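Read the figures in this text as sums done on the coordinates, not as results from a lab. Predicted model, so just to flag it, every value in this text is computed and none were measured. When we count neighbours, we look across all protein chains shown, and the Cβ atoms used for this are built from the backbone with ideal geometry, even at glycine.
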Amino acid sequence: MNVLVLGKGGREHALCTLLNKSKTVSTLYVLNANPGMCAIAEKLTGSEAFDHILWLCKQHKIDVVIPGGEAYLAAGITDYLTPHGITVFGPNKQAAKIEESKAFAKELMKKYNIPTAAYETFDSYSPALKYLTTKKPPYVVKYDGLALGKGVFILDTLEEAKVVLDRIFVKEEYATTKVVIEDFLVGKEYSFIIMVHNGRIVPLPIAKDYKRIFDNDQGPNTGGMGAFSPVPFVDEKTYNTSKTMMEKTVEAMRLENISYTGFLYGGFILTSEGPKIIEFNCRLGDPETEVILPRIQSDFFEAIIKLLNDQEVALTIDQQTHLGVVLAANGYPESYQKYIPIGEYRLKK
Ligand code: AMP
Ligand code: GLY
């Protein structure tokens, strides 16, 4: 089969590396990808508008598309390509809401008793501020939309919280004016990603990423500065509880008449009351993927196809520790220079 991977980061490179080993993949294509990916896959170029992606799929007889990032999914790439006979391993627009809308994800967890932080949703400044005054810091304010890891604010004072509420409700710096305010949870975080189709799930190995920009877990949140897998503090009991929570989530969506196909990422915190979910993503995590996928020794593409055909899937997992470190350009996650060749950057430093 011919496969197209969409996206051009470390996550997609790790995905291509594994897909490339599959005997079922005839030609692996990438679109506008980074040079590392182009060394292992056929590079396609041009617009990433859905009609152009469809044209490329027809031109190159692509059977399966695997989108890396949430933006393709939230914009409905699955809904767009599927009627043309192209299989997309990723949720449709409705199901992608689990990442796109924090409010939707929280409502789902509340309704189906999936442990998460207590919260309220607000769509105007004054009630949001009033609620915050009833809470103790740190305050957790989440903008209700896709924000590339920058939509969550952990604030130590009410003054800081007012600035964030002002940016969202008064200055309208974001696409929607809705926030989720939730209790701050204390505990270690880990990421649990599963593959889903027709209610069947295939768990991938657990990973832990580090979101803050500087050493020793300091500074603003980023998409993730590094990760490792396996995660020793996730013992068997925690693992089983977390797996049940992911299964309950998939079942909850089914009961809401939302069919889910693709990767589903649960962001967990291990609190003193047990695991709680703080976020869902409708895709593989980055940088978690870079340490999870190298552990998979089975034919990964074959596993995806089996899952899509409603067959049982068992993955063979390497038990060695995998560690990934992210190199970021100066200024990240605010404004920073892009497309610096890594070798050149290292020489300049
Ligand atoms: P999210 O995008 O919801 O995962 O949030 C990004 C990061 O913010 C998480 O990985 C946590 O480090 C932190 N965070 C989010 N929600 C909470 C919470 N309720 N309590 C403590 N930390 C949180
Ligand atoms: N590493 C966190 C994420 O992929 O959202």
Subject >> Sparsely packed chymotrypsin sites (Phe, Trp or Tyr not before Pro) within the stretch 290-349, loop by DSSP, other Cβ within 10 Å at most 15 >> reply: Y336, Y339
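For the cross-link pairs K136/K208; K102/K276; K136/K171; K135/K276; K162/K276; K130/K162, which exceed 18 Å when the distance is taken from alpha carbon to alpha carbon? Numbers along the way, then the final one.
Details: K136/K208 28 Å; K102/K276 15 Å; K136/K171 26 Å; K135/K276 20 Å; K162/K276 27 Å; K130/K162 11 Å.
Those over the limit are K136/K208; K136/K171; K135/K276; K162/K276.
Out of the stretch 1-83, which GluC sites (Glu not before Pro) are coil in DSSP terms and have no more than 10 other C-beta atoms within 10 Å?
For GluC sites (Glu not before Pro) across the stretch 1-83 that sit outside H, G, I, E and B with at most 10 neighbouring Cβ atoms in 10 Å, the list is empty.
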Original post:
Using the Cα gyration tensor of the stretch 239-303, with a ≥ b ≥ c the square roots of its eigenvalues, what is the shape: rounded (a/c below 1.5), prolate (a/b larger than b/c) or oblate (neither)?
Top reply: oblate
Original post:
Against the longest principal axis of the chain, how steep is helix 236-255, in degrees 0 to 90 to the nearest 10, with axes from Cα atoms?
Top reply: 80 degrees
Subject >> Amide H contacts of H322 (H built 1.01 Å from N, under 5 Å, at least 5 apart or other chain) >> reply: S229
Original post:
How big is the charge dipole of the chain about its Cα centre, in debye rounded to the nearest 20, if each Lys and Arg gets +1 on its Cβ and each Asp and Glu gets -1 on its Cβ?
Top reply: 200 debye
**OP:** Rounded to the nearest 0.05, what FRET efficiency do D123 and H84 give with R0 = 51 Å and r taken as the Cβ-Cβ distance? Could you check?
**Re:** 0.85
Subject >> Principal axes of the stretch 1-159: Cα extent on each, largest first, Å >> reply: 59, 32, 29
Subject >> Anchor K43: lysines whose Cα lies under 26 Å away (excluding residues fewer than 8 positions away in-chain) >> reply: K8, K21, K23, K58, K61, K338
Original post:
According to the square roots a ≥ b ≥ c of the eigenvalues of the Cα gyration tensor, what is the shape class of the stretch 142-231, taking rounded for a/c under 1.5, prolate for a/b larger than b/c otherwise, and oblate for the remainder?
Top reply: oblate
Subject >> Inter-label distance for R254 and Q320, nm, one decimal - labels placed 7 Å from Cα along Cα-to-Cβ >> reply: 3.8 nm
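Kindly provide the helix-only [θ] at 222 nm of the chain, computed as the sum of -39,500 (n - 2.57) over DSSP H runs of four or more divided by all residues, to the nearest 500 deg cm²/dmol? Mind showing how you got there, number by number?
Working: 13 runs with 106 residues, N = 349.
Calculated mean residue ellipticity at 222 nm is -8000 deg cm²/dmol.
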Subject >> Using θ = phi - 60° and Karplus 6.51 cos²θ - 1.76 cosθ + 1.60, couplings along the stretch 57-62 (whole Hz; Gly, Pro as x) >> reply: 4, 5, 4, 9, 6, 7
Subject >> Which of T241, F50, V196, positive extreme of dipole for the chain (C-beta unit charges) >> reply: F50
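Looking only at Cα atoms, what is the convex hull volume of the chain per residue, in Å³?
Hull volume over Cα atoms, normalised by residue count, gives 150 Å³.
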Original post:
When the Kirkwood radius is taken over all Cα pairs of the stretch 217-349, what Stokes-Einstein diffusion coefficient follows at 20 °C and 1.002 mPa s, in µm²/s?
Top reply: 120 µm²/s
